[in-house]
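**Q** Quick one: structure below, then a few questions.
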Amino acid sequence: MSVVRSASLLVSAAYQRRRRVVNAGMLSITGLLTLLALAPLFWIVGYVIARGGRSLNLAFFTQLPRPLGMDGGGVLHAIEGTLLLALLASAFAIPPGLLAALYAARHPNTPLGVALRFATDVLSGVPSIVIGLFGYALIVRPQGHFSALAGGAALALIMVPTVTRTTEEMLKLVPHSLREASLALGAPEWKTSLSVVLPAALNGILTGVLLGIARAAGETAPLLFTALGNERFEAVQILTGAIQGRQGIGQILNRLFEQPVDSLPLTLWKYAQQPYPERINQAWAVALVLMILVLVLNITARVWIATRARRLRG
Amino acid sequence: MTILAAVVAIGLMLWNESGVARATFGLRFLIPSLQSAWDPVNDRYQAWAFIYGTLITSGIAIALAVPVGVGVAVFLAELCPPWLHTSLDWLVELLAAIPSVVYGLWGIFVFLPVVVEPVGKLLESSLGRVPLLSLLFAGPMPASGSSRLAAGLILSIMILPTIAAVTRDIFRAIPDAQREASLALGATRWETIWRALIPYGTSGILGAVILGLGRALGETMAVTMVIGNSIESSPSLLRPGYTMSSVIANEFAEAVSKMHTQVLVEVGLILFVMTLLLNALARLLVWRVARRSTMEVRA
Amino acid sequence: MRVPVNRSESANAASPTPQTKIQVKDLAVAYGSFRAVAEVNLEIPETAITAIIGPSGCGKSTLLRTFNRMTDLVAGARVTGEVTLDGADIYAPTVDVVDVRRRVGMVFQRPNPFPKSIFDNVAYGPRLYGVSRRAALAEIVEHSLRKAALWDEVRDKLHTSAPALSGGQQQRLCIARALAVEPEVILMDEPCSALDPIATLKIEDLMRSLAVTYTIVIVTHNMQQAARVSDITAMMMLGEDRKTGTIIEVGDTKSIFTGPKDKRTEDYVTGRFG
């Protein structure tokens, strides 16, 4: 008895050919789309390098802005501002972020663990401008003035989800055997976490912080109503002036943190809107510096993550 | 101690609302209505213009970023040769790392003249003549190119990495058994992707799209820099517009009257609620696909 | 009590020696530098059940997958030698892989229905070939489900979710799905290993009824199953290097199990190891 064939599935060679053509076509299109998607990346980066590079010089990094109409000047205030804000934001963001990550990684299925992860996700989705409003309501209005402190707090809120999520991922990569060995030796839970798991994941935590800073450093909106911007801010001057005037630590900190402060993105935003060519040129230079900062932080962090993951997988 | 962290996160949201609640009293009629009236001098406010602006720019962004993003995800997850994987994944994610203001700067001086203006002219002369569509494509586009279209296009570039990365992860989570089943029946790779994998991951892909949408809604700086920031009565894409986040960014620092301030905060509240809901929905959908892939076959 | 029927005896009485459906010559499969399978020579007769048995890890599945070129899907896989289907080498450069896979269907170890309805699962294949009219699809779906002995159980719930079926039903659904594209050969990779004994027996009965029309090749680590169900048995084992698998003996099932020629086969089928 031979094989029975029903007529319903007889297919023409032409139909088969069409299927092959559609297959090849659609698959190529996805490749093209990928190229299309990456094109803006190269375009933007390339253009910023070309246009911004033209206006970079030493003065750019070491001087405060000159009044309009005068040549030269730099964005020292913005650089210092960005560093200061990054410092403050990290100080505010790392402790809760770490703790949350530690807890969520260790107890992923408890109500609190789930709530933490949910809260982190929600926080990461809040528009940055809303965070700015929040910072304004929480710190600026009660204090009555704009400040780096408020800006740092707002940026911290932006940083926390990144820090938490990355740290949690890296903690999960730490092999159980390490943790179990410590527990088997009789160490209590929290001590195990702190002295065994944490150092092993330190690299990972650092990458989380780096990525968090990268994100926070690039944000403008939260600073619009918190740090506001200050073209005369100059940390070194404040410090030297304070030392000369024998001011107390409290006063120094006050002068550093309680003033409005500029940041690179804020400066970029302001300069981009001004109709003066020298400001526009400086805007491009700021864009270049900012982009390099963000990209370097990002790439470093990701390289770390990749090697760490590879090393742990063994 | 860790409870602090959780409380901070949640408390933030609650506080925000309460801070805004003060704005709400007396201003119920902000949300509906189509009349655009934003008059700080006389304290007459109507938020529709901004809601429309936010929605239309995000709409354009989604319309463009979803096909491209899914296409990129398909390439990365299914077709990319192994040695190219890591680098391409990186590059796509790097696109997301570029700060919003840089996008804006590039937008104003490069993208607008080079891309948006020609495209705008083309659309105006073609679709702008078609009867119904002309509502959306009527000109004239401002000489600078600042328009809702510009904002939508830049937004699409900015949310593309989100959609692509999440969708790519969805595809990678689909068990190989599904691909084998389809291919063993004599399907081509594309047919397998289109008829088996995408249907399998639909809710996850939807989640990715919603995540992207959430990002688009909240995006401030780049949009503000290219949208023109004016309240327009015409709904056209080619005209300048204003979004919720832009108006807050532009006006909050200088808002003098209490009403003005509170109104702006209320706009912030609307934005907040929208993104909150979208985010929750997105996470739910993505989670559902992940769960399905790990469900065992009942013996 | 089930009595294994040796089909080749009765078949011989009625028809001449069955034709060779698939011929394997000097087949070797390597993944990168690792040789999984080597020096395989085998003839699969048509409309019969051929079983490939052997200890786990010796390359049985790999060998099976060369018959429908599923090995192509593994990055770095290289297949050398010849696998001919009705005389034509399926690895020739001009061959359309898609067509090979239609003619040589496959059922996997764990049932893998699509998360669609039962109807859409079975209709998946025909739709690829342009069958779109409701009536035509319904006819094919019913036909295939009947052949897979599943029709009566699901006729009233064709549009319900396929993954909601029991394991045994899912596997029969996968068989129906494979049948819907009218293959000539059906490959089965340990099809019953994820199923309970009752479901297993149902599938074995199904195999025998299908073998009247289709050529069936089954890989199984269950010797009793091979003895019950197959006409021809091929014994596969790791070679001297303990890394590469190869066929060490082929013969009709009865003689393999009662009087194998190779000592290793004898050791395996008598349970001395494996």
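**Q** List the number of the failed condition for residue B:190; all other conditions in (1) surrounded by fewer than 24 Cβ atoms within 10 Å (Cβ to Cβ); (2) of a type in the set (A, V, I, L, M, F, W, C); (3) within 22 Å of residue C:113 (Cβ to Cβ); (4) away from chain A (no Cβ under 11 Å) hold.
**A** All conditions pass for residue B:190, except number (4).
**Q** Checking residue C:109 against (1) over 22 Å from the mean Cα position of the chain (by Cα); (2) at pLDDT 90 or above; (3) surrounded by fewer than 18 Cβ atoms within 10 Å (Cβ to Cβ); (4) within 20 Å of residue B:192 (Cβ to Cβ), which single condition isn't satisfied?
**A** The failed condition is (1).
**Q** Also, quick follow-up: Give A:131, A:139 a once-over and let me know the one that is touching an Asp or Glu at 6+ places or on another chain (Cβ under 9 Å) and assigned to a helix (DSSP H, G or I).
**A** Exactly one of A:131, A:139 is touching an Asp or Glu at 6+ places or on another chain (Cβ under 9 Å) and assigned to a helix (DSSP H, G or I), namely A:131.
Condition check ((1) touching a Pro at 6+ places or on another chain (Cβ under 6 Å); (2) facing chain B (nearest Cβ under 8 Å); (3) over 23 Å from residue C:245 (Cα atoms)) across all residues:
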{"residue": "C:44", "(1), (2), (3)": "no, no, no"}
{"residue": "C:53", "(1), (2), (3)": "no, no, no"}
{"residue": "C:60", "(1), (2), (3)": "no, no, no"}
{"residue": "C:90", "(1), (2), (3)": "no, no, no"}
{"residue": "C:97", "(1), (2), (3)": "no, no, yes"}
{"residue": "C:107", "(1), (2), (3)": "yes, no, no"}
{"residue": "C:111", "(1), (2), (3)": "no, yes, yes"}
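**Q** Are any of the residues in the stretch B:227-241 at the interface with chain A (Cβ under 10 Å from one of its Cβ atoms) and either on the phi > 0 side of the Ramachandran plot or part of a helix (DSSP H, G or I) (or both)?
**A** Start the filter on the stretch B:227-241 by keeping residues that are at the interface with chain A (Cβ under 10 Å from one of its Cβ atoms), which leaves none.
No, the stretch B:227-241 has no match at all.
**Q** Additional query: Starting from the stretch A:105-120, take each residue that is at the interface with chain B (Cβ under 10 Å from one of its Cβ atoms) and list its partners that are assigned to a loop (DSSP other than H, G, I, E, B), counting only C-beta distances under 8 angstrom and pairs at least six apart or across chains.
**A** Note: pairs meeting the criteria are A:113/A:107; A:117/A:108.
**Q** Condition check: without any contact (Cβ under 8 Å) to a residue 40 or more places away in the chain and touching a Leu at 6+ places or on another chain (Cβ under 8 Å). Does residue B:282 satisfy that?
**A** Details: without any contact (Cβ under 8 Å) to a residue 40 or more places away in the chain: no; touching a Leu at 6+ places or on another chain (Cβ under 8 Å): yes.
So residue B:282 does not fit the description; no.
**Q** Taking the stated definitions as given, is residue C:149 surrounded by fewer than 18 Cβ atoms within 10 Å (Cβ to Cβ), farther than 22 Å from residue C:20 by Cα and within 9 Å of another protein chain (Cβ to nearest Cβ)?
**A** Answer is no for this residue.
**Q** If you go through the stretch A:222-264 one residue at a time, how many are among the charged types (D, E, K, R), modelled with pLDDT of 75 or more and either buried (at least 24 other Cβ atoms within 10 Å of the Cβ) or not in a loop (DSSP other than H, G, I, E, B) (or both)?
**A** To start, the set of residues in the stretch A:222-264 that are among the charged types (D, E, K, R) comprises A:231-232, A:234, A:246, A:255, A:258, A:262.
Narrowing the set further to residues that are modelled with pLDDT of 75 or more leaves A:258, A:262.
This time we only want the ones that are either buried (at least 24 other Cβ atoms within 10 Å of the Cβ) or not in a loop (DSSP other than H, G, I, E, B) (or both), so: A:262.
Adding up the residues that qualify gives 1.
**Q** Moving on. Can you tell me how many residues within the stretch A:46-60 are more than 8 Å from every other protein chain (Cβ to nearest Cβ), hydrophobic (A, V, I, L, M, F, W, C), part of a helix (DSSP H, G or I) and touching a residue at least 24 places away in the same chain (Cβ under 8 Å)?
**A** 2
**Q** Look at the stretch C:242-264 and say how many of its residues are in contact (Cβ under 8 Å) with a residue 40 or more places away in the chain, part of a strand (DSSP E or B) and within 18 Å of residue C:229 (Cα to Cα).
**A** Final tally of qualifying residues: 2.
**Q** Starting from residues that are within 14 Å of chain A (Cβ to nearest Cβ), touching a Gly at 6+ places or on another chain (Cβ under 6 Å) and surrounded by 24 or more Cβ atoms within 10 Å (Cβ to Cβ), keep the ones in the stretch B:133-161 and report whichever is nearest to residue B:224 (Cα to Cα).
**A** Across the stretch B:133-161, the extreme among qualifying residues is B:154.
**Q** Follow-up question, since we're still on this one. How many residues are part of a strand (DSSP E or B) and surrounded by fewer than 19 Cβ atoms within 10 Å (Cβ to Cβ) when one looks only at the stretch C:36-70?
**A** 3
**Q** Something else now. I'd like to verify a number: residues in the stretch A:142-160 that are outside any helix (DSSP H, G or I) and touching a helix residue (DSSP H, G or I) at 6+ places or on another chain (Cβ under 9 Å), how many?
**A** 2
**Q** Can you tell me which residue is surrounded by the most Cβ atoms within 10 Å (Cβ to Cβ) among those in the stretch B:114-132 that are hydrophobic (A, V, I, L, M, F, W, C) and part of a helix (DSSP H, G or I)?
**A** Ranking the candidates gives B:116 first.
**Q** Please tell me if residue B:240 is closer than 30 Å to residue B:127 by Cα and out of contact with any Ser or Thr (no Cβ under 9 Å at 6 or more places or on another chain).
**A** Values: closer than 30 Å to residue B:127 by Cα: yes; out of contact with any Ser or Thr (no Cβ under 9 Å at 6 or more places or on another chain): no.
Taking the combined requirement at face value, the residue does not satisfy it.
**Q** When the residues of the stretch B:87-106 are filtered to those that are within 17 Å of residue A:300 (Cβ to Cβ), within 7 Å of another protein chain (Cβ to nearest Cβ) and assigned to a helix (DSSP H, G or I), which remaining residue is modelled with the lowest pLDDT?
**A** That would be B:90.
**Q** Further question on the same structure: Looking at this structure, is residue B:216 of a type in the set (Gly, Ala, Ser) and buried (at least 23 other Cβ atoms within 10 Å of the Cβ)?
**A** Here the answer is yes, as residue B:216 does meet what is asked.
**Q** Residue B:276: modelled with pLDDT of 75 or more and closer than 26 Å to residue B:204 by Cβ, yes or no?
**A** yes
**Q** When you check residue B:271 against the structure, is it within 18 Å of the chain's Cα centre (by Cα), surrounded by 24 or more Cβ atoms within 10 Å (Cβ to Cβ), assigned to a loop (DSSP other than H, G, I, E, B) and not β-branched (Val, Ile, Thr), yes or no? If you could, list the steps in order and put the result at the bottom.
**A** Working: within 18 Å of the chain's Cα centre (by Cα): yes; surrounded by 24 or more Cβ atoms within 10 Å (Cβ to Cβ): yes; assigned to a loop (DSSP other than H, G, I, E, B): no; not β-branched (Val, Ile, Thr): yes.
So residue B:271 does not fit the description; no.
**Q** When the residues of the stretch A:151-168 are narrowed to those that are of a type in the set (Ser, Thr, Tyr) and more than 11 Å from the chain's Cα centre (by Cα), which ends up modelled with the highest pLDDT? Walk me through how you get there before you give the answer.
**A** Going through the stretch A:151-168, the residues of a type in the set (Ser, Thr, Tyr) turn out to be A:162, A:164, A:166-167.
Next, from what is left, pick out any that are more than 11 Å from the chain's Cα centre (by Cα): A:164, A:166-167.
Numbers: A:164: 84, A:166: 81, A:167: 80.
Going through the qualifying residues, I end up with A:164.
**Q** It is to be established whether one or more residues within the stretch A:210-221 are at pLDDT below 85 and part of a helix (DSSP H, G or I). Lay out the reasoning, then the answer.
**A** Narrowing the stretch A:210-221 to residues at pLDDT below 85: none.
No, the stretch A:210-221 contains no residue that is at pLDDT below 85 and part of a helix (DSSP H, G or I).
**Q** Looking at (1) in a loop (DSSP other than H, G, I, E, B); (2) surrounded by fewer than 19 Cβ atoms within 10 Å (Cβ to Cβ), find the lone condition where residue C:81 falls short.
**A** All conditions are met except number (1).
**Q** Shifting gears a bit: I'd like to know if the stretch B:201-224 contains one or more residues that are more than 15 Å from the chain's Cα centre (by Cα), more than 10 Å from every other protein chain (Cβ to nearest Cβ) and modelled with pLDDT of 90 or more.
**A** no
**Q** Give the residues of the stretch C:181-207 that are in contact with a Lys or Arg (Cβ under 9 Å, 6 or more places away or on another chain) and within 14 Å of chain A (Cβ to nearest Cβ), sorted by residue number.
**A** Scanning the stretch C:181-207 gives C:181, C:182, C:183, C:184, C:185.
**Q** Write out, first by first residue and then by second, each pair whose Cβ atoms fall under 7 Å of each other, whose residues are 6+ apart or on separate chains, and whose first residue, in the stretch C:51-63, is touching a residue at least 12 places away in the same chain (Cβ under 8 Å) while the second is of a type in the set (D, E, K, R).
**A** C:52/C:60; C:54/C:60; C:61/C:189
**Q** Residues that are of a type outside the set (S, T, N, Q) and part of a loop (DSSP other than H, G, I, E, B): does the stretch A:112-124 have at least one?
**A** no
The values are calculated or read from the model by the stated rules, or taken from the named source; none is laboratory data. Predicted model only: the values in this text are computed from it and were never measured. A quick note on method: Cβ atoms are made from the backbone with ideal geometry, for glycine too, and the neighbour counts reach across all protein chains shown.
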